[in-house]
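S.K.: Here it is: the structure, laid out below.
Each value in this text was obtained by applying a stated rule to the coordinates, not by laboratory testing. These figures come from a predicted structure and were not determined experimentally. As a convention, Cβ positions derive from the backbone with ideal geometry for all residues, glycine included, and neighbour counts pool all protein chains shown.
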Amino acid sequence: MKRFASLVLFAVITSCSFLPTEKDATPGVERNILTGLPGKNGKVLAVKFDDTTYSHPQQGVEAADVVFVTQVEAGLTRLMGIYSSQYPEILGPVRSARISDIDILAQFGKVGFLYSGSQKKLRPVLTAASLVNLSAERNPPTIYFNDPERTPPYAMMVKPNLLLEKADQVSSVQSIGWSHGPRSPSAKEISAVTIRWPNAVYRASWN
């Protein structure tokens with residue numbers, strides 16, 4: 001899923017439409033508002049992941065409702081996982097916040113933002129933003145910890161469920177304008193996509 005290159009600022013990787021089955025159509029089944037799939041609509045946590053070779057394999061990215069890919073220095077990329085339907089026991093490796101994260105997160109309401117740290121000049125900007133700082137800068141090593149099997153700075157992991165206990169001010173997930181339903185007859189079926197950055201390539205396939 002890697003090998004790197006393009007100038008796109010970010011991309012969303014998510015299921016924005018689905019073909020409902022008879023089981024899915026059962027009345028009373030709660031659906032996550034972001035994915036349209038069966039799942040709860042809980043508080044929104046956003047997690048900043050490293051995505052260089054040194055950070056692989058990551059833990060918990062696949063459980064995100066939405067994944068943003070953002071370009072950082074040297075044409076490398078990082079991931080922003082948005083969680084509202086499920087919260088894995090451990091997520092990581094977690095990396096630092098960037099100013100571009102603020103605009104991405106604004107559409108989700110007041111999210112709980114999980115990250116390893118930030119530059120000093122960025123801290124007042126993060127404080128002024130509509131988010132709840134749940135970073136390693138404000139939480140103990142019982143929540144953010146280094147995996148002994150990994151090498152810093154690609155080793156920091158987080159236990160998100162412990163942060164939910166501090167998330168009273170975090171918004172529950174809300175619609176950001178995506179709709180879900182049967183595939184349009186005019187839609188073109190696509191089974192795979194390749195997205196390129198200057199020093200990164202992502203390939204995704206589905207059925």
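S.K.: What number of residues within the range 38-58 satisfy the criterion of being touching a residue at least 60 places away in the same chain (Cβ under 8 Å) and farther than 18 Å from Ser135 by Cβ?
M.R.: Adding up the residues that qualify gives 5.
S.K.: I would also like to ask the following. Being in contact (Cβ under 8 Å) with a residue 24 or more places away in the chain and either in contact with a Lys or Arg (Cβ under 6 Å, 6 or more places away or on another chain) or surrounded by fewer than 15 Cβ atoms within 10 Å (Cβ to Cβ) (or both) is the filter here, so list the residues in the range 143-178 that pass it.
M.R.: Thr151, Asn161, Lys166, Ala167, Gln169, Val170, Ser171, Ser172, Gln174, Ser175, Ile176 - these are the residues of the range 143-178 that are in contact (Cβ under 8 Å) with a residue 24 or more places away in the chain and either in contact with a Lys or Arg (Cβ under 6 Å, 6 or more places away or on another chain) or surrounded by fewer than 15 Cβ atoms within 10 Å (Cβ to Cβ) (or both).
S.K.: Next up: List every residue pair whose Cβ atoms lie under 8 Å apart, where the two residues are 6 or more positions apart in sequence or sit on different chains, the first residue falls within the range 81-96 and is touching a residue at least 60 places away in the same chain (Cβ under 8 Å) and among the aliphatic types (A, V, I, L, M), and the second residue, located anywhere, is buried (at least 23 other Cβ atoms within 10 Å of the Cβ) and in a loop (DSSP other than H, G, I, E, B).
M.R.: Listed by first residue and then by second, the contacts come to Val94/Tyr115.
S.K.: Could you please let me know if Asn161 is under 17 Å from the mean Cα position of the chain (by Cα), over 16 Å from Phe108 (Cα atoms) and not hydrophobic (A, V, I, L, M, F, W, C)?
M.R.: When the stated conditions are applied, Asn161 passes them.
S.K.: Here's a follow-up. Among the residues of the range 67-81, is there at least one that is in contact with a strand residue (DSSP E or B) (Cβ under 9 Å, 6 or more places away or on another chain), surrounded by 21 or more Cβ atoms within 10 Å (Cβ to Cβ) and in a loop (DSSP other than H, G, I, E, B)?
M.R.: Among the residues of the range 67-81, not one is in contact with a strand residue (DSSP E or B) (Cβ under 9 Å, 6 or more places away or on another chain), surrounded by 21 or more Cβ atoms within 10 Å (Cβ to Cβ) and in a loop (DSSP other than H, G, I, E, B), which makes the answer no.
S.K.: Find the residue count for the range 82-96, including only residues that are surrounded by 22 or more Cβ atoms within 10 Å (Cβ to Cβ) and aromatic (Phe, Trp, Tyr).
M.R.: Here is the first cut: in the range 82-96, the residues surrounded by 22 or more Cβ atoms within 10 Å (Cβ to Cβ) are 82-84, 91-95.
Then keep just the ones that are aromatic (Phe, Trp, Tyr); that gives 83.
Residues flagged as surrounded by 22 or more Cβ atoms within 10 Å (Cβ to Cβ) and aromatic (Phe, Trp, Tyr) within the range 82-96 amount to 1.
S.K.: Using beta carbons and a limit of 8 Å, which pairs, at least six apart or on different chains, have the first residue in the range 184-207 and more than 24 Å from Glu73 (Cα to Cα) and the second one among the aromatic types (Phe, Trp, Tyr)?
M.R.: Here the result reads Ser191/Trp206; Ala192/Trp206, each pair linking the range 184-207 to a residue that is among the aromatic types (Phe, Trp, Tyr).
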